[in-house]
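Okay, so here's the structure we're looking at.
The values are calculated or read from the model by the stated rules, or taken from the named source; none is laboratory data. Predicted, not measured: the structure shown is a model, and the values here were computed from it. Glycine gets a Cβ as well: all are built from the backbone with ideal geometry, and neighbour counts include every protein chain shown. Quick note on the areas: whole protein, heavy atoms, side chains included, nothing else; ligands and nucleic acids left out. Shrake-Rupley method; radii C 1.70, N 1.55, O 1.52, S 1.80 Å.
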Amino acid sequence: MGSGIWSTDVYDAADRYRRKTGRSAFSYSDGGARTVHPALDPRGAVRESRDSAEHPQSTPIAVLFDVTGSMGHVPRTLQTKLPQLLGLLLRQGYARDPQVMFGAIGDATCDRVPLQIGQFESDNRMDDDLGRIVLEGGGGGQMSESYELALYYMARHTVTDSWSKRGRRGYLFLIGDELAYRRVDRRQVARLIGDDLGEDVPVRQIVDEVTRRWDTYYLLPAGSHYAGNRTVLDFWRGLLGQNAVELDDLEAVCETIALTVGLGEQAIDLDTGLRDLRRAGSAATGTVSKALARLGGGRRTSVATLPFTPTGGSGVTRL
């Protein structure tokens, strides 16, 4: 996947049509859907970010967000900010050939749709994937959601040419406000993803796997139930270090993602990125500056690796 070119004109036309007809950008969920959309069903699936003549240097970017409880408004905010995100990535040249994948995280112990994973897209189909997400709004009420299942999927069910051809990691952003469960439950994996594991996998192990191929960030936005909670922050900083980032304003999520990618690709430094935001009239400059201050001098390095492909049967990508 990943063909085509993002068009803000197409996005605006679709937005005008929805407003005129009274349709929601999340018509699948708002229409009463309570099962995963077939296009976002992770069971037996592998998501791919591939090079092509149209996009010869694909840059994979995955954005997975908690849709339980107070976090249910996050995808709606992201959907309205897509033009800003793609504008910075494309027009400002923060990343070559970005391919963006959206997904959603719930609680596999109680939710009906605990894991939803879209495809990597370069064009307006990424907006379509957002619109197919079921906004669960549930959660188990125990300060944990199934982030570890999303990490498992990203570690073992994604294939990117950026990694296999160039030894360059993709970008993974988790947006949430709670803890992950301590272990990847093999029964949940079998039910939701289709893999047959011999035993549960510690979350530390799966984080080590996913960060080998993905620069992984956890964003904790203001306005969520556990915003600023030290237990949540300490948990994620124990797993991801400085890549667990607090945001003072949910409206700054897209700009934070774009500048993080630009920094990682060495397309900008932090000062240049903040100037770009000011020139674009963004109100997110202060929030982004504070959130990314510790990442501003970061440099990514290529990591040599042997190519790998999905195995047969379950479609699992083995590291």
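Taking segment 13-22, which residues are closer than 30 Å to Ser52 by Cβ and open to solvent by less than 60 Å² (accessible area, probe 1.4 Å)?
Within segment 13-22, Ala13, Ala14, Asp15 qualify.
Give the residues of segment 87-110 that are hydrophobic (A, V, I, L, M, F, W, C) and either over 13 Å from the mean Cα position of the chain (by Cα) or open to solvent by 10 Å² or more (accessible area, probe 1.4 Å) (or both), sorted by residue number.
Scanning segment 87-110 gives Leu88, Leu89, Leu90, Ala95, Ala108, Cys110.
Looking only at segment 235-259, count every residue that is open to solvent by 10 Å² or more (accessible area, probe 1.4 Å) and of a type in the set (S, T, N, Q) and tell me the total.
2
Quick check, is Gln79 in contact with a Leu (Cβ under 8 Å, 6 or more places away or on another chain) and either within 29 Å of Ser282 (Cβ to Cβ) or crowded, with 18+ Cβ neighbours inside 10 Å (or both)?
Spelling it out, Gln79 is indeed in contact with a Leu (Cβ under 8 Å, 6 or more places away or on another chain) and either within 29 Å of Ser282 (Cβ to Cβ) or crowded, with 18+ Cβ neighbours inside 10 Å (or both).
Which one is modelled with the lowest pLDDT, of the residues in segment 193-231 that are hydrophobic (A, V, I, L, M, F, W, C) and outside any strand (DSSP E or B)?
Ala227
From the list Ala150, Ala155, Ala62, which residue is part of a strand (DSSP E or B), open to solvent by less than 10 Å² (accessible area, probe 1.4 Å) and of a type in the set (A, V, I, L, M)?
Among Ala150, Ala155, Ala62, only Ala62 is part of a strand (DSSP E or B), open to solvent by less than 10 Å² (accessible area, probe 1.4 Å) and of a type in the set (A, V, I, L, M).
Go through (1) more than 21 Å from Lys81 (Cα to Cα); (2) in contact with a strand residue (DSSP E or B) (Cβ under 6 Å, 6 or more places away or on another chain) one by one and return the number of the condition Gly176 breaks.
Going through (1) more than 21 Å from Lys81 (Cα to Cα); (2) in contact with a strand residue (DSSP E or B) (Cβ under 6 Å, 6 or more places away or on another chain) one by one, Gly176 breaks only (1).
In this structure, does Ser282 turn out to be in contact with a helix residue (DSSP H, G or I) (Cβ under 8 Å, 6 or more places away or on another chain), over 15 Å from Tyr94 (Cα atoms) and part of a loop (DSSP other than H, G, I, E, B)?
It is true that Ser282 is in contact with a helix residue (DSSP H, G or I) (Cβ under 8 Å, 6 or more places away or on another chain), over 15 Å from Tyr94 (Cα atoms) and part of a loop (DSSP other than H, G, I, E, B).
Name the residue that is most open to solvent (accessible area, probe 1.4 Å), counting only residues in segment 192-206 that are free of Cβ contacts under 8 Å to residues at least 60 places away in the same chain and not hydrophobic (A, V, I, L, M, F, W, C).
Glu199
Every residue in segment 31-50 that is under 22 Å from the mean Cα position of the chain (by Cα) and open to solvent by 30 Å² or more (accessible area, probe 1.4 Å), please.
Residues satisfying the conditions are Arg34, Thr35, Val36, His37, Pro38, Ala39, Asp41, Arg43, Gly44, Val46, Glu48, Arg50.
Output the residue which, of all residues in segment 260-274 that are hydrophobic (A, V, I, L, M, F, W, C) and assigned to a helix (DSSP H, G or I), is surrounded by the fewest Cβ atoms within 10 Å (Cβ to Cβ).
Leu270
If Thr231 passes every condition in (1) open to solvent by 20 Å² or more (accessible area, probe 1.4 Å); (2) under 26 Å from Thr158 (Cα atoms); (3) in contact (Cβ under 8 Å) with a residue 60 or more places away in the chain but one, which one does it miss?
The number of the failed condition is (2).
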